[in-house]
1. Taking R0 as 45 Å, what FRET efficiency do you get between L191 and A132 from their Cβ-Cβ distance, rounded to the nearest 0.05?
2. How much of the accessible area of the range 57-273, in percent, comes from carbon and sulfur atoms when a 1.4 Å probe is used?
3. For every helix of n ≥ 4 consecutive DSSP H residues, a contribution of -39,500 (n - 2.57) applies; sum these over the chain, divide by its total residues, and give [θ] at 222 nm rounded to the nearest 500 deg cm²/dmol.
4. Pull up all non-local amide H partners of V143: gap of 5 or more, or a different chain, and H-to-H distance under 5 Å with H placed in the peptide plane.
5. Assuming 0.36 nm per residue, please report the length gained on full extension of the stretch L99 to W11 beyond their Cα-Cα distance.
6. If we sort 129-141, 85-97, 161-173 on the protection proxy, mean other Cβ atoms within 10 Å, highest first, what's the order?
7. Using mean Cβ contacts within 10 Å as the protection proxy, how do 47-53, 221-227 order, highest first?
8. Let me know the shape class of the range 57-273, please: from the alpha-carbon gyration tensor, a ≥ b ≥ c as square roots of the eigenvalues, rounded when a/c is under 1.5, otherwise prolate if a/b is greater than b/c, or oblate.
Amino acid sequence: MNRASSQRIGWASVTPALLWTLVFFVVPFIAMAVMSLHPKAGEGLSLAAYTQFFTSPSYWLALVNSLEVTAIVTVISVLLAYPFAWILAFIVPERWQRLALMLAVLPFWTSYVVRSYSWLLVLAEKGVVNSALVNLGLLSEPVQLANTRAGTVIGFVHFFVMLLTLTIFANLKQLSPNYRKAAVDLGASGLQSFIHVILPLTLPGIMVGAFLTFVLAIGDYITPQILGGNNELLMPQLIMMQIGRRGDFASASALSLILMAVVTVAYLACARWLKIERA
């Protein structure tokens, strides 16, 4: 096969993916960018939609709230997922690992909306959590969990722990047991071998899962809307308000692009950090 034929086959292979990206990402992105610069029909280009974001404290607060919630969810999910993935990879017998993984991904089999409303019932004043805490004597009276940031975080963590578990589990299974044996032979304790050998080698899996968690959480509308009860304004709620209440598509487009810029910065930070760790 000559070089020209190889190039034609290569282009034929990637063309569907390029067309998909062009139609469903590039074109909508350009449309949003153009719309954000035309706050009023019939007028010229304007940065008013962006100026409104940088000069309005409530808009800034929405972004800060989104970053705080996303950071809390990501950290808690990583701290819970790593031990879970470790147990699945090294403690659960090989013959039971497939069943354990299937049980771990069960939350993905139910509707996202159904899960959120289920947590709303569980976290309600007379829900399972409050009733159990009161009956155990840990609380004298029910506490407000639903319609709070705590409720939003709990709903997010329930979903993303499983996602992170899968990415970390895949990394742990790829590790050769010789790494730990070599660390022990060199005099390292179990904790030292984990900190200096296992953890650095599994950082790619952690960062991939953490980044996916960050992207999905910061752009999610359903969970904060249901479990947060509109008591705290996040960026997705702010964007929807511009469309649903004000019909301001220019502001909604500008806010969406700003949110995309935040995600891009997070990606670049993660990619650079991973490159350093691998070096």
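The values are calculated or read from the model by the stated rules, or taken from the named source; none is laboratory data. Not measured: the values here are computed from a predicted model. So basically every Cβ, Gly included, is an ideal-geometry build from the backbone, and we count neighbours across all protein chains shown. Please note that ligands, DNA and RNA were not included when accessible areas were found on the heavy atoms of the full protein model with its side chains. Shrake-Rupley method; radii C 1.70, N 1.55, O 1.52, S 1.80 Å.
1. Values: r = 34 Å, r/R0 = 0.76.
Here the calculated transfer efficiency is 0.85.
2. Working: 7960 of 11450 Å².
The value for the range 57-273 is 70 percent carbon and sulfur by accessible area.
3. Working: 14 runs with 202 residues, N = 279.
Computed ellipticity for the chain at 222 nm equals -23500 deg cm²/dmol.
4. Amide H neighbours of V143: none.
5. Values: separation 88, 0.36 × 88 = 31.68 nm, distance 4.07 nm.
Extra length available between L99 and W11 comes to 27.6 nm.
6. Working: 129-141: 12.1, 85-97: 13.7, 161-173: 20.9.
In descending order of packing, they fall as 161-173, 85-97, 129-141.
7. Details: 47-53: 16.6, 221-227: 21.0.
Going by the mean number of other Cβ atoms within 10 Å, highest first, we get 221-227, 47-53.
8. Numbers: a/c = 2.33, a/b = 1.44, b/c = 1.62.
Oblate is the answer for the range 57-273, as a/c is 1.5 or above yet b/c matches or exceeds a/b.
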